[in-house]
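Please read the structure below before turning to the comments.
We did not get these values from a lab; they are worked out from the coordinates using the rules stated. Model, not experiment: these values are computed from the prediction. Neighbour counts run over all protein chains shown; Cβ positions are idealised from the backbone, glycine included.
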Amino acid sequence: MQSNSSFKLRYLVSISVILPMILLFGCVSKKNIKIPLSDPLPHPKLAQMQSLSIEEKDGVIYFGESKKYKKRGITVVSLKGEPYEMGYAHGVLLKEEMTLWIRELIYWAKTQSFGTSLMENIVIDRAREVEQYIPENYITELKGLAAGSGIGYEYILTINTLGDTARGFSCTSVAVKRQDGKLIRSRSLEYSLDQLLKSSLLFINQPSQGYAFASVTFPGTISIRTAMNEKGLNLGSHGIWQASSGWKGMPNAILYRKIIENANSVEKVGEILKKAPRSRPIMILVTDAQKARIYEYDSEKIGYKDMDEDRLILTNFTQVLNIGASYSCNRYNSAKEFLDNNKDEIDVKRLVELNRNDYISKVDAQNLYSIHLAIFVPETLDFWIAVDPPPASRGRWVGFNLKKEIDGSGHEPNPLIIPAMSLKYSSR
């Protein structure tokens, strides 16, 4: 009898917990998500930007000196001018894409908070706290972005700080010297929530102050995760597994924007890092035309490791500073084995093959898939991007040249396109 009563009690408790959750989830619908809109904040250039209109010619959409076009299966957004001008044009050209992506983010946050705005409010509050660490020129660009899109500034600020105030990513990078002595590097970002990260675009930015650069990122973000500038300096960010979760300081993705606009060598990257109010512990692999280096850092210290002989590999474990979990990574070992077996044959096609490895394209233990990837040759300014759905490394890769996209003076890379692999393919 007692057993029966106990069963009934557990049953009632379960129902009392599960039923409200079902009801709450039932109320969460993408159609019901309201994108927060607002009037533009005051700015001296607001009236000038509002006087411009969108024009379309030969499939290219123009707004002032900026434009949007499709090329080889990816949307390219070319932004030019002062911070407010670039931000405003960004908002106008990508309003639809931003609205769809922010709706996905809000929907996901609500499903993680039993249908409430709890998580949404937490990341907004955190964004407000780190705003003080963001350089003024980027705040100006964010305000222009909000004005151009009509989306509330708080949400624009929030999606540009999520890498520090919320969850991080897994990543795999290698830098290696080809037989001709030129450096080539690949960068893969692996993540489980592909529906949130399927909207990667190629940005070609030409700021009025600083170096022009190419960046693979998401609509509505001025921040950087994967990029190369006109001097060949390129970077890709890497989270550190089980590192501390401190997030107060300049958001790392904004810090990388500062680096990509101002650094022309791996040494200059270190100088910028030393002066910055750093936040969440993280790593980056950077290369210029001559050198490759890993930087590891937290709010108190910075460590670095240069290329040994002809290669450098980075996943999500520190190699210099004792931050985060102890080393254990099949991705690192598989990349090392691949480079050992192909050391005299490394080129862009070989690096694509490396990134199609089972361990990198799909990280089984964490259910992560390669979301966005890039390969850079800093000396020639050639780069390639994976453009298909996850695992993206196994789909098509398409090539670009940064000078060609900036002013038409460069050459198209070779190969121009690397086809998708067979579904039966495995390189483990």
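Note on the chain: with a GNM built from Cα contacts shorter than 10 Å, the maximum mean-square fluctuation among Ile54, Ile259, Ile224 falls on Ile54. Summing Cβ point charges (Lys, Arg +1; Asp, Glu -1) relative to the Cα centre of the chain gives a dipole of roughly 960 debye. Tell me which residues come under 5 Å, amide H to amide H, from Thr217 once H is placed; ignore anything under 5 positions away on its chain. Under 5 Å from the amide H of Thr217 lie the amide H atoms of Leu201, Phe203, each far enough along the sequence or on another chain. Distant-in-sequence amide contacts of Lys71, defined by a placed amide H-H separation under 5 Å and a gap of 5 or more residues or a different chain, comprise Val76. The C-alpha radius of gyration of the chain, expressed as a fraction of 2.2 N^0.38 Å, stands at 1.02.
Within the listed set Pro44, Pro378, Pro251, the residue fluctuating most in the Gaussian network model of the chain (springs between alpha-carbon atoms under 10 angstrom) is Pro44. Sorting Leu255, Leu100 from the fewest to the most surrounding beta carbons within 10 angstrom yields Leu100, Leu255.
Here Leu145, Leu157, Leu189 are placed in order of increasing Cβ neighbour count within 10 Å, fewest first, which gives Leu157, Leu189, Leu145.
For the set Lys305/Lys343; Lys177/Lys274; Lys67/Lys362, the pairs lying more than 23 angstrom apart at their alpha carbons are Lys177/Lys274; Lys67/Lys362. Each Cα pair under 8 Å and six or more residues apart adds its sequence gap; the mean of these over the residue count of the chain is a relative contact order of 14 percent.
With bins 5 Å wide beginning at 0, the percent of Cα pairs of the stretch 268-353 falling in each bin runs 3, 12, 21, 22, 19, 12, 8, 3, 0. Between Leu37 and Gln132, the FRET efficiency estimated from the beta carbon spacing at R0 = 30 angstrom works out to 0.75.
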